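Reading through the structure tokens given below for one structure.
The values are calculated or read from the model by the stated rules, or taken from the named source; none is laboratory data. This one's a predicted model, so the numbers in the text were calculated from it and none came from an experiment. Neighbour counts run over all protein chains shown; Cβ positions are idealised from the backbone, glycine included. The protein model used for the area step is the full one, side chains on, heavy atoms only, and it has no ligands, DNA or RNA in it. Shrake-Rupley method; radii C 1.70, N 1.55, O 1.52, S 1.80 Å.
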Amino acid sequence: MYWSVISWVALSCGGTVSAQTNAVANSGSSTNVTDLGKITVIGQLDQARSQILPNLGATAYTHTAEQIQNQSQGDDAPLNQIVLRSPGVAQDSAANGDLHVRGEHANLQYRINDVILPEGITGFGLELDPRFVESMQLITGSLPAQYGFRTAGIVDIQTKSGAFVDGGEGEIYGGSHDTLRPSFEYGGTSGKWNYFTDASFEQNDLGIENPTSAHSAIHDHTDQFKLFSYLSYLIDDTSRVSFMGSASYANYEVPNTPGLPVGTSPDGSTPWNIAGSGLPTTFDSAQLDENQKEQNYYLVSTYQKSAGDFNGQASVFGRASGVHFRPDLIGDLYFNGVASDEARTLYSEGAQADGSYDLGDKHTLRGGGSLVNESVFQDSTTTVFPVDANGNPTGAYFPISDSSRINALYTGVYLQDEWKMFSKFTVNYGTRFDVFNSSFDNECQLSPRVNMIYKPTDSTTLHAGYSRYFTPPPAENVNGTTVAKYNGTSNESATTQDSPVKCERADYFDLGATQQLTPGLSAGVDAYYKYAHNQLDDGLFGQTLILSAFNYAQGKIYGIEFPINYTHGGFSTYANIAYSVAQGQDWNSSQFLFDPTDAAYVKNHWIYLDHDQRVTGSFGAAYVWKEGANSSTRVYVDSIYGSGLRTDSTDSSGQTIPNGGTVPSYYTINIGAEQTYKFTKKQILKARLDVVNVTDNSYALRDGTGVGVNAAQYGERLGFYGSLSYAF
């Protein structure tokens, strides 16, 4: 059997079905006899690809296309909301698709069909559309040697393809917050060609989390376009080439908070002197007009070969990503004394190759490598005032232009062996060597990895692992600003030190078990501990929605997860509960981002990371009634719980403790129903209703304080959404 099943698999709504198994199973019902040979070849190549990069010993949590329908808003939800229904995942700002896995900052790597997607300035959590997902795994824990650079979690997506989606589907979706989202997908085959594409447009008035607890946000409209295409060609029964491409374009209004007071001077100690600035004496903060535009594009070309004991895959890829924040010039000057127009553009290109070779009954050798080259262009025009020693303006405002270019080269190679020592015990051991060369840092590391899997019975699996990690900073989040340019202005930093951001180096330990309790019922437990030097983190500093990276000299993260799932007939349910602690000490890079008093405290004290959430939970249940051969009804309920992300607090002496408190705990409950009518084999009509936050809870994800937090963020209140789709 394939040892990828030794990872505990807690399916989001039941059913242990791999992407490869799903493909073969579907071939019999969705294709005709004349196509069976070609479909079988595609299924075999999909299965061969899965054996090149199995997640041996790591923890894998799977969401299939069917299970996504059992979650809030189905495949009309953002991709990050699907990942959120996995163990140990905490939600954060929707503006960047932020998720925190096992107490980490972003540090997620996205892969499609086992090919690395090069990073963009904004996260893939919003760029990718769940409609093209056949299955998706979140892989965490002690990762095998093939996974490098981004190691908090691997979001591994297997796409739909025309081989198993023969036809098209159109849908119209809409509801609360003026939401409207038409979408379309189509797939099929032509000779040896296999193709699939999906496209969507969405507009709504809740593009970014509301900074107030009100039902509706002020100035929060967004327009978003997304396109994904997959194309493959069978060269022969053992090889194929494939092409993937994606484009997304989004405009966001930055939401406003009414009734804001005038801002503060650069040192934060005195009220901003509006009278001396020449600005209007009043300004309604509800009328601010800040906006942000985001663009992302990528192309991937892949060749796969399966011959005897050898399986291999090689890819080349390219990506362009850009973000542009446009301020409200007068309004931002009024409230903050600074107005920053900032644009960042990232271009990246690279290659990846992976292969496996079966050396016999005991050993399978795997190896490969990847190379990614990035260029980040940063251009800003910051409008400021000249100020005196007390931070009071001494003249009219004026612009300062600042441009920079950052280059970064990520290179990694690995070699590992899957050793089946005896029938119930497997060791997967190996190492990888990574090199990071950039405009601001040059480092390398040899990283050993080992995972042990023991299966004492058919229903019990134990695993333990150790991984050495090397995590370079994301170049697109490294601030290229020349700090000294702003001396003597309202944008002067109280700290001018700006040590370069460094690579994080960590030791990671993982121990877990999964138990099949009864047919259809399984449970697991997984504990982890990580100790890091130069712990990476990022945050939002200033008005823009562009992240900036920095380091803690030391970091430690530990926790435990408990997943359970059950499926029987048309009923399925799951529950995940996780406990996590994430701490760091001493900001040792990008010091100009921080208040000097806070920096002095963090220098000698461990603090909680801003994304630390002590308890995280998710729950869901669904039932599907088959009403004869031509109709079915689906109902579901799901829920998210969080004990609260971090916020600043004060001790008994009045000392501010960065990230010393938390916002209140929260939960949301979502319900929905879907009715399906099948007129012919391909003609299917679906109607769906989703109710989000059915109890209308008002809850804060952020309160506007904490390290790298620039605004309050409230979760969505009660919302009603409906969709009507037609497949043909």
Go through SER306, SER232 for me and flag whichever is more than 22 Å from the chain's Cα centre (by Cα), under 30 Å from GLY168 (Cα atoms) and not in a loop (DSSP other than H, G, I, E, B). SER232
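Out of curiosity, is ARG717 crowded, with 16+ Cβ neighbours inside 10 Å and over 21 Å from THR179 (Cα atoms)?
Taking the combined requirement at face value, the residue does not satisfy it.
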Select, from GLU349, GLU342, the only residue that is out of contact with any Asp or Glu (no Cβ under 8 Å at 6 or more places or on another chain) and either assigned to a strand (DSSP E or B) or modelled with pLDDT of 95 or more (or both). GLU349
If you check ASN451, ASN487, ASN479, ASN491, which single one turns out to be closer than 23 Å to ALA152 by Cβ and open to solvent by 30 Å² or more (accessible area, probe 1.4 Å)? ASN479
Would you point out the residue of region 488-511, among those that are modelled with pLDDT of 95 or more and not in a loop (DSSP other than H, G, I, E, B), that is nearest to ASP586 (Cα to Cα)? GLU504
When region 56-66 is examined, which residues are found to be surrounded by fewer than 24 Cβ atoms within 10 Å (Cβ to Cβ) and not in a strand (DSSP E or B)? ALA65, GLU66
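Just give me the residues in region 600-629 being closer than 30 Å to GLU674 by Cα and assigned to a loop (DSSP other than H, G, I, E, B), in sequence order. Break it down into steps so the answer makes sense when it comes.
Step one: list which residues in region 600-629 are closer than 30 Å to GLU674 by Cα, which gives 616-629.
Those that are closer than 30 Å to GLU674 by Cα and assigned to a loop (DSSP other than H, G, I, E, B): GLU627, GLY628, ALA629.
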When only residues in region 205-229 that are among the polar types (S, T, N, Q) and surrounded by 15 or more Cβ atoms within 10 Å (Cβ to Cβ) count, which is nearest to the chain's Cα centre (by Cα)? GLN224
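Tell me yes or no: at least one residue of region 283-290 is touching a residue at least 24 places away in the same chain (Cβ under 8 Å) and in a strand (DSSP E or B). Even if it seems obvious, please write down each step before you answer.
Step one: of region 283-290, the residues touching a residue at least 24 places away in the same chain (Cβ under 8 Å) are 283-290.
Subsequent filtering for residues that are in a strand (DSSP E or B) retains none.
No; the residues of region 283-290 include none that is touching a residue at least 24 places away in the same chain (Cβ under 8 Å) and in a strand (DSSP E or B).
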Going through (1) within 28 Å of VAL413 (Cα to Cα); (2) open to solvent by 10 Å² or more (accessible area, probe 1.4 Å); (3) among the polar types (S, T, N, Q) one by one, THR471 fails only at (2)
Report, by residue number, each residue of region 431-446 that is surrounded by fewer than 21 Cβ atoms within 10 Å (Cβ to Cβ) and touching a residue at least 40 places away in the same chain (Cβ under 8 Å). THR431, PHE440, ASP441, GLU443, GLN445
Number of positions in region 302-332 that are surrounded by fewer than 17 Cβ atoms within 10 Å (Cβ to Cβ) and small (Gly, Ala, Ser): 4
Can you find a residue that is among the hydrophobic types (A, V, I, L, M, F, W, C), closer than 28 Å to GLN683 by Cβ and buried (at least 22 other Cβ atoms within 10 Å of the Cβ) anywhere in region 143-155? no
Taking region 630-660 as the search range and keeping residues that are touching a helix residue (DSSP H, G or I) at 6+ places or on another chain (Cβ under 8 Å) and not in a loop (DSSP other than H, G, I, E, B), which one is farthest from LYS686 (Cα to Cα)? THR656
Residues that are farther than 17 Å from ASP198 by Cα, at least 3 per element: which strands (runs of 3 or more DSSP E) completely within region 113-181 meet that? 133-140, 153-159
Restricting the search to region 542-565, which residues are at pLDDT below 95 and open to solvent by 50 Å² or more (accessible area, probe 1.4 Å)? GLN543
Report yes if SER370 is in a strand (DSSP E or B), in contact with a helix residue (DSSP H, G or I) (Cβ under 8 Å, 6 or more places away or on another chain) and open to solvent by less than 40 Å² (accessible area, probe 1.4 Å), otherwise no. no
Anything in region 689-698 that is charged (D, E, K, R) and open to solvent by less than 20 Å² (accessible area, probe 1.4 Å)? List them, or say none. ASP690
So ILE453 clears everything in (1) closer than 30 Å to SER348 by Cα; (2) among the aliphatic types (A, V, I, L, M); (3) at pLDDT 95 or above except one condition, right? Which one? (1)
Log entry, pairs with first residue in region 303-315 being closer than 11 Å to ILE52 by Cα, second being assigned to a loop (DSSP other than H, G, I, E, B) and of a type outside the set (A, V, I, L, M), beta carbons closer than 6 Å, six or more apart or on different chains, reads SER306/THR238; ASN311/GLN51
Say we look at region 393-418 and pick out the residues that are at pLDDT below 90 and open to solvent by 40 Å² or more (accessible area, probe 1.4 Å); which of these is farthest from the chain's Cα centre (by Cα)? THR394
Are any of the residues in region 460-471 in contact (Cβ under 8 Å) with a residue 12 or more places away in the chain and more than 30 Å from the chain's Cα centre (by Cα)? yes
Filtering region 271-306 down to residues that are touching a strand residue (DSSP E or B) at 6+ places or on another chain (Cβ under 8 Å) and either modelled with pLDDT under 90 or on the phi > 0 side of the Ramachandran plot (or both) yields PRO271, TRP272, ASN273, GLY276, SER277, GLY278
Total residues in region 668-689, condition out of contact with any Lys or Arg (no Cβ under 6 Å at 6 or more places or on another chain) and touching a residue at least 40 places away in the same chain (Cβ under 8 Å): 13
What do you reckon, is TYR574 of a type in the set (Phe, Trp, Tyr), in a strand (DSSP E or B), open to solvent by less than 20 Å² (accessible area, probe 1.4 Å) and over 25 Å from GLU476 (Cβ atoms)? yes
Could you list all residues from region 639-670 that are among the hydroxyl-bearing types (Ser, Thr, Tyr) and either under 12 Å from TYR608 (Cα atoms) or modelled with pLDDT of 95 or more (or both)? SER639, TYR641, SER643, THR647, SER649, THR662, SER665, TYR666, TYR667, THR668
For GLY661, are the conditions met, namely being free of Cβ contacts under 8 Å to residues at least 40 places away in the same chain and either open to solvent by less than 30 Å² (accessible area, probe 1.4 Å) or under 30 Å from ALA494 (Cβ atoms) (or both)? yes
